[in-house]
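Colleague: Submitted below is the structure of interest, expressed as structure tokens.
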Amino acid sequence: QFKPIRVPDIVGRKGGRKIVMLTAYDFTMATLLDSHADILLVGDTLGCVVQGHDTTLKVTLEQMIYHAGMVSRGARQALVVVDLPFGTYQQGPPQALQAALRLLKESDVSAVKLEGGGRVCDSVRAISAAGIPVVAHLGLTPQSFHVLGGNKVQARESQAAAQLLRDARALEEAGAFALVLEAIPGELAGEVSRCIGIPTIGIGAGPDCDGQVLVINDMVGFNAGPAPMRFNKEFGAVREVIDQAATAFAREVRAGTFPARENTYEAAIPSGVAAG
Ligand code: KIV
Ligand code: NA
């Protein structure tokens, strides 16, 4: 029943049963999602949805280790993958390998993810050669926010599409075991999925990927920030649920009806004795 999902299980799902991936940032959420998701991603989107920054750029390795530990403790079944945050692999393979090693040694994750194409292939190779499974990420790569000029759909023109396809092949060749495709035309994602042997996991990349991922806060409608991109679908209304609960709590506290008797402890000794 609690057979943990491992990297080869994910690789074996290529072209088969769809891979379900969600982000998670803490223990409680991980316990809730564990039986539903094949992969829990400790995404650096925590910089936005947990920390309140506009981009993922300020997230540190120490913060990722902290969150990865919490998620790992809540996941018995799902494979836990963690993002290498911005600045921890851009210097090249030695830095990338060092960051990946720290993530695996200081939390209980099974794999790491990093963003980019050709320029990170040597790092993907170094990390996977060290025995650490790597997920790659192409298309809208939020750590390149300033170069891309914001969070926009990518690879809509044929040159960029061809480049993305080359990058996907290069990342597979470098040893990545799965590829996240973010905010690219559905047709291109389908083409990439057919052209490489590793599973693709889409977010805003149409239905023809081998799996799908959404940011948990966006997926359940628990998002204070600006509306997520149109690829998101709110499958729940968690903000409303919490807002209603907080409204009711405040009302009862102010009315003096909470806590009631059943929420209040009584002394073991008669009150007269306690008072005297
Ligand atoms: O950080 C993140 O949540 C991600 C997913 C959107 C794929 O990278
Ligand atoms: Na990310």
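Colleague: Kindly provide the set of residues from segment 26-49 that are within 9 Å of ligand 1 (Cβ to nearest atom) and in contact (Cβ under 8 Å) with a residue 60 or more places away in the chain, ordered by number.
Modeller: If the condition is that a residue be within 9 Å of ligand 1 (Cβ to nearest atom) and in contact (Cβ under 8 Å) with a residue 60 or more places away in the chain, then LEU41, VAL42, GLY43, ASP44, THR45, CYS48, VAL49 are the ones that fit.
Colleague: Here's another thing I want to ask about it. Among ALA227, ALA248, which is over 24 Å from PHE27 (Cβ atoms), more than 16 Å from ligand 2 (Cβ to nearest atom) and either crowded, with 17+ Cβ neighbours inside 10 Å or not assigned by TED's automatic domain parsing to the domain that holds CYS48 (or both)?
Modeller: ALA248
Conditions (1) part of a loop (DSSP other than H, G, I, E, B); (2) among the aliphatic types (A, V, I, L, M); (3) away from ligand 1 (no atom under 14 Å from the Cβ); (4) under 20 Å from VAL42 (Cβ atoms), marked per residue:
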{"site": "HIS67", "(1), (2), (3), (4)": "no, no, no, yes"}
{"site": "ARG73", "(1), (2), (3), (4)": "no, no, yes, yes"}
{"site": "VAL81", "(1), (2), (3), (4)": "no, yes, no, yes"}
{"site": "PRO85", "(1), (2), (3), (4)": "yes, no, no, yes"}
{"site": "GLN90", "(1), (2), (3), (4)": "yes, no, yes, yes"}
{"site": "LEU101", "(1), (2), (3), (4)": "no, yes, yes, yes"}
{"site": "LEU104", "(1), (2), (3), (4)": "no, yes, yes, yes"}
{"site": "GLY116", "(1), (2), (3), (4)": "yes, no, no, yes"}
{"site": "LEU138", "(1), (2), (3), (4)": "no, yes, no, yes"}
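Colleague: Then there is this: Take ALA30 and tell me if it is within 16 Å of ligand 2 (Cβ to nearest atom), within 17 Å of SER107 (Cα to Cα), small (Gly, Ala, Ser) and surrounded by 20 or more Cβ atoms within 10 Å (Cβ to Cβ).
Modeller: Against the criterion (within 16 Å of ligand 2 (Cβ to nearest atom), within 17 Å of SER107 (Cα to Cα), small (Gly, Ala, Ser) and surrounded by 20 or more Cβ atoms within 10 Å (Cβ to Cβ)), ALA30 does not qualify.
Colleague: Tell me, which residue of segment 5-25 that is away from ligand 1 (no atom under 16 Å from the Cβ) and in a loop (DSSP other than H, G, I, E, B) is surrounded by the most Cβ atoms within 10 Å (Cβ to Cβ)?
Modeller: Among those that are away from ligand 1 (no atom under 16 Å from the Cβ) and in a loop (DSSP other than H, G, I, E, B), it is ILE5.
Colleague: Being touching a strand residue (DSSP E or B) at 6+ places or on another chain (Cβ under 8 Å), touching a residue at least 40 places away in the same chain (Cβ under 8 Å), within 22 Å of VAL71 (Cα to Cα) and of a type in the set (S, T, N, Q) is the requirement here; does SER107 meet it?
Modeller: yes
Colleague: Take the residues in segment 231-273 that are among the hydroxyl-bearing types (Ser, Thr, Tyr) and assigned to a helix (DSSP H, G or I); name whichever of them is nearest to PRO185 (Cα to Cα).
Modeller: Restricting to residues being among the hydroxyl-bearing types (Ser, Thr, Tyr) and assigned to a helix (DSSP H, G or I), the top hit is THR247.
The values are calculated or read from the model by the stated rules, or taken from the named source; none is laboratory data. Values in this document were obtained by computation on a predicted structure and should not be read as measured data. Cβ: placed from backbone, ideal geometry, glycine included. Neighbour counts: every protein chain shown.
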